[in-house]
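Accompanying notes for the structure given below.
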Amino acid sequence: MKKFNIRKVLDGLTAVSSPSPSPQSGAKENDFIIPETIQSEHFQLCKTVRHGFPYQPSSMAFDPVQKILAIGTQSGALRLFGRPGVECYCQHESGAAVIQLQFLINEGALVSALADDSVHLWNLRQKRPAVLHSLKFNRERITFCHLPFQSKWLYIGTERGNIHIVNVESFTLSGYTIMWNKAIELSSKAHPGPVVHISDNPMDEGKLIIGFESGIVVLWDLKSKKADYRYTYDEAIHSVAWHHEGKQFICSHSDGTLTIWNIKSPAKPAQTITPHGKQPKDGKKPEPCKPILKVEYKTTRAGEPYMILSGGLSYDTVGRRPCLTVMHGKSTAVLEMDYPIVDFLTLCETPYPNDFQEPYAVVVLLEKDLVVIDLAQNGYPIFENPYPLTIHESPVTCCEYVADCPVDLIPALYSVGSRQKRQGYSKKEWPVSGGNWGQGTQSYPEIIITGHADGSVKFWDASAIMLQVLYKLKTAKVFEKARSKEEKPSTEIVDEDPFAIQLMSWCPDSRMLCVAGVSAHVIIYRFSKQEITTEVVQLLEVRLQYELNDLDSPEGGGYQTPAPPTPSTSPSPQTSGPQTHHSTSSNSSDGIRDNVPCLKVRNSPLKQSPGYQVELVVQLVWVSGEPPQQISSLAINSSYGLVVFGNTNGLAVVDYLQKTVLLNLSTVELYGSNDPYQRQPRSPRKSRQPSGGLCDINEGSATSEDRCKSPTSARMSRKLSLPTELKPDLVLLSVCPPRGAVPLDNRDNSFSRSRSSSVTSIDKEAREAITSFYFCETYSRKTDSTLTPALWVGTSLGTVLSISLSMPPAGEQRLLQPVIVSPSGTLIRLKGSIIRMAFLDATGSLLPPASELWYEPNAPANGEERERGRKRRPVSVSPSTSQELNEHQYAVVCSEKQAKVIALPSQNCIFKHNITETSFVLRADVVQSGSGICLTCFCANGHIMTLSLPGLRPLLDVNYLPLTDMRIARTFCFTNLGQAMYLCSPTEIQRITYSQDVCENLQEMLGELFTPVETPEAPNRGFFKGLFGGGAQSLDREELFGESGAGKASRSLAQHIPGPGGIEGMKGAASGIVGDLARARIALDERGQKLSEVEEKTAAMMASADSFSKHAHEMMLKCKDKKWYQF
């Protein structure tokens, strides 16, 4: 066996995995030398991109020149959005909520204020933004920040009512402070409350308006360090906004009113408006409304100003959705939102606060959505959102990720998905358009499929680190919907979301899709580009039961092959196929539900649009009052035309071409007479308590809700009520050993279960769930010399069994002759539940299951396209060199605890590796990774590992993330070419890579957030304003706030923390001096650029001075001899 460097493996390796795989005794080590090209240096783990809506957003900012949007969240995350496809995610180390964001407009920097009273400066001029400086306040709580346009002095308001000033270049505090007791009247005894607003007068930078929560507003003169005016109102203030001319401002209050003030009339407001209040006729005050949380006041050159506000609805509008109100002249538009409003921003043509604002759009950040409203069009339509923010439209319940899929798939899905788009969007371009795309060369197609709680399935184009929705399939259309709670069928086994998707099996070559739902139903879909109407949805009902002694059941004994239905006698679609139970009794006289499915399939014609169309629905039925167990494993094979699914009772094989059930066996019957676990027969009507192995959260007596177990039944229980809201705890993880069972390690070694006297613990401990399947062409028996189709079955007790398949000839015979399926016994045993199986040929290359190429199913029956499409993708046969080797195939089997490589047909175990002793594997995949193939595993203790194949050498072991909730376990997927993903929050997909190549090229692939853009020219002051002292007044802030003018601030007030920023990307820290040189070069480039700009400006000034002197000379000559009265 090849030597490998154990030191590389042990870096960061905890004691979870044994250091090296062991060739099994009985197999000569030298017989199995397959050169493994893949080495540990090919692997490196890093996060690539995060997609989806920022979870629990808390604040927002927009750079009007760069056109970049920033959103902060309650967990300290920052998401930055540019043009579609330019997105970035960063995280504050402390994880505290982001309470406010402020761009340094057109500077490529952003200031964030956090709930832990820290302020941070982010550098956005690099592909992975980083913190340059931080300032942590010790004695004050931050409540509001304001950074004037083109200023380096940041105003920070606090809970105590004070204002501190920070230099954003050096991130040091100025000695200049505005204390609350100086700002308010000396006669006022009460504290004015926290600072809720700070902004400078648009026309005079030396005047600062300060809003206190209690209702006091102060106009502060920065130079004279005193208050010019104080404005008092008896309702709490939520926000303040200026008119651009600086003579008026507007306040929003907690009683739903807006007050407009003239700055020189502090006695009373110039105007009071209650936008949503009913005006009483007798001149009394209107009735109070809900608080107006924010108001913005934006002016236009050619018309009335806009007043935009959130909140303020009257209290009698119970059940009304949150609203944004747009008041423009005499018209008031109330725009209803789907979720509560977190914040909104009005986008304007100019960044200058002292110019006409010309608003053109409003960005509204909702709790679970981002909406942009077009102000320029009648009716205020919304823009179509180009970002992938609808992942959580319904909670995600499962995922699949396929890299390097057939190239025609994405165009095909896009063409059918583009017809599903809604109409009525704004015709304009999306207004957030900053940044540039990356220069990545990664060209292979990638698809992510998400299954959701409402039964929908979404296909996403995930190529080149972008994400775009391609197509959405609604599986619930197949079933009748209950119109009200009373109408809900009593047979349902879940309280809510009966259509939720649990498992998906997809064949990219044939485009066949199979989904299993929470109500023990399986739906098989074909892809078609043509619309059809299905008169009757084809249905099979399957009675999967566990009883050993119940001989009344028609499938009680063994398996049988049904007679194939001829076209004339094919089973009527709504009845069961030949193999299923023919009785249609639902509730027998004693009220026990029997032979009824959980959901009712619709019986009216179903119009099916182009895309995925229902081929067959399979439903498990109630058995003698016991509900069907949820499906724990699923597989489809397009070459054989078969679907197989299993649960804790057994498995069923369905021929979806002939619409028949070929095999319906309990797990015990699969073993035949040599069942290694001496199970006791049981009757179905015993106690319905779940097994002791299920540890519920409250550890109380578990109810019938916990009946349905997930594949790893000894360790996990699945809460049946799937979340309609974003509940994270869909599946509960229990680490305690099953009560009444031997501790896991003993049981694994002996492969037998102890029996306790308690009936309930026997009741389901003896049950063995089917946890995985693999269709293959292999040697089913040790004596075989030819490959035959087979189905391998893995169980929760670590057993792998084989079922041989005898397929009729392809073509017409396939639809007339039966497929013969026969269990052919146990092959191997491993510790823990079987998770993944795969096959390698004699050279160690991956053997994918046979598949059929896609053809248009609704084309004319004798069309050439159908015949052409019917060709199967052959399974590659081992090359002639394999004849010299003793074995022709290798099976890779991975369980929760260990991995084994089995040589076939001899069935010798040639390599074995114990992956983990103290934890268990949640997800394992056999993937193509650059130069070779490997086995990738994600463990419950957060470790991500890769093992070489077939030698099972450990190549990578990184303690990546602890399993904080079961959403990660349920959605983690590995795929080819070093890609992996999981749901890091209910609304976001995190993509990671374990490939060294991808890590190295990541910098190129990421988009640029900052692009050099000229700042627009400042508005002209006009001749008369300059002459008579109107227009904007500037202020030398440096002189006022700098150390020479204001002195030093108290050291104990805030602590400066230099950030790790400025080092580009992940490898910046490692490249050290190279990074320094690169940064120095960039600094020189920028300096050179600035110098050349200065030079150009100087030359332009000289030229203009020259022309001015010429004109002046000409004028002088003209006027020299004229008298004053001749002018």
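The values are calculated or read from the model by the stated rules, or taken from the named source; none is laboratory data. If you're wondering where the values come from, they're calculated on a predicted model, not measured in any experiment. So basically every Cβ, Gly included, is an ideal-geometry build from the backbone, and we count neighbours across all protein chains shown. For accessibility, only protein heavy atoms count, side chains too; no ligands or nucleic acids. Shrake-Rupley method; radii C 1.70, N 1.55, O 1.52, S 1.80 Å.
Observations on the model:
- Accessible surface for H392 stands near 10 Å², nearest 10, in the context of the full protein assembly shown (1.4 Å probe).
- Taking all protein chains together, H253, H197 sort by accessible area into H197, H253, largest first [probe 1.4 Å].
- Toward the positive end of the charge dipole of region 401-497, with +1 on the Cβ of Lys and Arg and -1 on the Cβ of Asp and Glu, the farthest Cα among Y401, G455, Y425 is that of Y425.
- The figure for L124 is an accessible area of roughly 10 square angstrom, using a 1.4 Å probe on the protein chains alone.
- Ratio Rg/Rh, restricted to region 886-940 and using Cα atoms, in which Rh is the Kirkwood radius: 1.02
- Where trypsin sites (Lys or Arg not before Pro) fall in DSSP loop in region 334-421, at most 14 other Cβ within 10 Å: K421
- Legend: P(r) of region 121-169 from all alpha carbon pair distances, 5 Å bins from 0, whole percents, reading 5, 18, 23, 23, 18, 9, 3, 1.
- Ordered by 1.4 Å accessible area with all protein chains kept, K659, K226 run largest first as K226, K659.
- D_trans [Stokes-Einstein, Kirkwood Rh over alpha-carbon pairs] for region 818-858, 4 °C, 1.567 mPa s, µm² s⁻¹: 88 µm²/s
- Across region 278-337, Cα-Cα pairs farther apart than 19 Å form 41% of the total.
- Over all orientations, region 774-816 has a Cα convex hull whose mean projected area works out to 4.0 square nanometres.
- Order by protection proxy (mean Cβ within 10 Å, highest first), peptides 1098-1107, 830-839, 37-46: 830-839, 37-46, 1098-1107
- Residues with amide H under 5 Å from that of S314, placed H, sequence gap 5 or more: K290
- With K and R counted +1 and D and E -1, the other residues having a Cβ less than 15 Å from that of L977 yield a net charge of -4.
- Heavy-atom SASA rank of S310, S254, S214 (probe 1.4 Å, accessible area, largest first): S214, S254, S310
- Gyration tensor verdict on region 284-391 (Cα atoms; rounded if a/c is under 1.5, prolate if a/b is larger than b/c, oblate otherwise): oblate
- The Cα atoms of region 183-241 cover 28, 25, 16 Å along the three principal axes, with the biggest extent listed first.
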